[in-house]
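Below is one structure, written out as C-alpha cells; comments come after it.
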Amino acid sequence: MQPDQNGYELSSDNPDAVAALDNAVDSYVRFRTDIMPNLEQAIVADPDFGLPHVIRGILLESLKQPRLLPKAQQELDAARAGRPPQTERERQYLAALELALAGKVTAAATIYQQIAAEHPH
C-alpha cells in the first residue's frame, strides 16, 4: 500500500498509478478536463487497482445519462475483478457505487457523507 497526496493509504504499491490517481483527483477539484485520461493512466500502471475504476464509475453514474450506466457498471465489474480494496475508504467508495447503480442514491449519498467526514481531504 502506498499513500496518496493527502496521506490516505491506497491499495496499490505502484507509484505511477498513485501519481495518476492524484492527478485525476486534482483535476476534478480544479474543474479540469483531464480526469478520465488520468484515471486511465492509473489503470494502465496498475490494472488490478480498483479505486480508479470505481471513481470512473462514480463519475459516469453521476451524469445520470442512461446510456452511460452500462459503462459505469463495467467499471464496477472491473473494480470487483481486480485486487480487493485494502482500506475501509476504498470499500466505502465501492459500496457507494454499487448502491448508486442499484438506484439507491440516498444510501450512496450517506456513504459519501461518511467518507467526507472521516477523510476530509
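Select from region 32-62 the residues that are crowded, with 16+ Cβ neighbours inside 10 Å and of a type in the set (Gly, Ala, Ser) and list them in ascending order.
Once the filter is applied, which keeps residues that are crowded, with 16+ Cβ neighbours inside 10 Å and of a type in the set (Gly, Ala, Ser), region 32-62 yields Ala42, Ala45, Gly50, Gly57.
Determine whether region 8-19 contains at least one residue that is in contact with a Leu (Cβ under 7 Å, 6 or more places away or on another chain), in a helix (DSSP H, G or I) and surrounded by fewer than 17 Cβ atoms within 10 Å (Cβ to Cβ).
no
Can you pull out every residue in region 81-106 that is part of a helix (DSSP H, G or I), among the charged types (D, E, K, R) and under 18 Å from Met1 (Cα atoms)? Step through it out loud before you land on a result.
Filtering region 81-106 for residues part of a helix (DSSP H, G or I) gives 81, 88-101, 105-106.
Restricting the remaining residues to those that are among the charged types (D, E, K, R) gives 88-91, 98.
Across region 81-106, the qualifying residues are Glu88, Arg89, Glu90, Arg91.
How many of the residues in region 38-75 are part of a loop (DSSP other than H, G, I, E, B), within 11 Å of Ala17 (Cα to Cα) and out of contact with any Lys or Arg (no Cβ under 7 Å at 6 or more places or on another chain)?
2
Residue-by-condition table, conditions (1) farther than 15 Å from Ala96 by Cα; (2) touching a residue at least 24 places away in the same chain (Cβ under 8 Å):
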residue	(1), (2)
Asp34	yes, no
Ile58	no, yes
Pro66	yes, no
Ala78	yes, yes
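Looking at region 90-116, which of its residues are buried (at least 18 other Cβ atoms within 10 Å of the Cβ) and touching a residue at least 24 places away in the same chain (Cβ under 8 Å)?
Glu90, Tyr93, Leu94, Ala96, Leu97, Ala100, Leu101
Any residue in region 71-83 that is buried (at least 18 other Cβ atoms within 10 Å of the Cβ) and either in contact with a Phe, Trp or Tyr (Cβ under 6 Å, 6 or more places away or on another chain) or of a type in the set (Val, Ile, Thr) (or both)?
No, the conditions are met nowhere in region 71-83.
Quick note: the coordinates plus some simple rules give every number you see, no bench work behind them. None of the values given here were measured: they were computed from a predicted structure. Glycine gets a Cβ as well: all are built from the backbone with ideal geometry, and neighbour counts include every protein chain shown.
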